[in-house]
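Following: one structure in structure tokens, then a few remarks.
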Amino acid sequence: MTICKFQHDAVEPVEQPPSHNPLRDEIADDGLYIARQNNLWDEPHPADKPQVLYCKFVNDHPDASYDARIKALVEKWAKEWEQYAFIQFVFVGKAEAAHIRIEFARPANDGEAWSNFGSDSVDASSQSEKHKMMLSLDPSMHFGDFSPDPTEMPEDVSDDQIPLGIDCARTTVLHEFGHALGLRHEHASPKASFVLSARKRRDSQYEKVTGSPGDKINVSDFDVWSIMRYPLEEQDVDWNKSRGTMNDDEFAKFKRDLQTRPLRLSDGDKVWAMAAYPGRIHPELEAAKARWVGTIEG
């Protein structure tokens, strides 16, 4: 389980590159991964049909006037992953069986969000136990209150229009559903191109991801614009140790990028989804996909 805290502070619109370099390669050590292959979903499905993952809300939003709207938005934003992963999120009623079970926090909660990693949400010793888990109201994903004022949640938002609330909500939903598909935190990648401060290295949400011998590898070069990365604050990084051979301009951009919150799926996220759950075709991403697919090993 991972805990992600999102902020309610307003942010200035930030122009992000329209395309990011999704260089994908492997780490030879089987003990390192950023998306553990054993967590990827493998539900039975026809070869020409997407894998169906059932989702349900196990409770209602504490603000009844906001409930239907935020549920519709969670479903809408989660489905952005469907454009690249050959999966389909089907939202069902509370009494039905679901792989992903979504809980809203009570108002007193401090706004945390978390999700199980991929198939961990139905980890059981038998099919009957798995079915019981899917029928249960035990959450596998949790959202705190997205906005201090639900009226400030517009129906649609573009990447350069980020009013209070929406920056937390949409990016948090994309982030947590990335976990639900099997992704780990990008800032915890063993190939991350920065050195954390001593204080931050003690935070379990930032420690480098490691695995057990025999885990299948799914690691990329560090993707600074991945939706799975937390924004890093000035005190989070040992900048002297992170600078390397960068000149002043390169270093300034490097710092600025790391301190900017990713707001949408990066090309790297999209390529990962296409390779981990193959079946979607995006010609503009095929070259990057072809470079990466062969690096997944047992």
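Residue-level check: of (1) at pLDDT 95 or above; (2) surrounded by 21 or more Cβ atoms within 10 Å (Cβ to Cβ), Ala113 misses just (1).
Note on region 61-92: residues that are part of a loop (DSSP other than H, G, I, E, B), in contact with a helix residue (DSSP H, G or I) (Cβ under 6 Å, 6 or more places away or on another chain) and within 17 Å of Asp269 (Cα to Cα) total 2.
The values are calculated or read from the model by the stated rules, or taken from the named source; none is laboratory data. These numbers come from a predicted model, not from an experiment. Note that we place each Cβ from the backbone using ideal geometry, even for glycine, and neighbour counts take in every protein chain shown.
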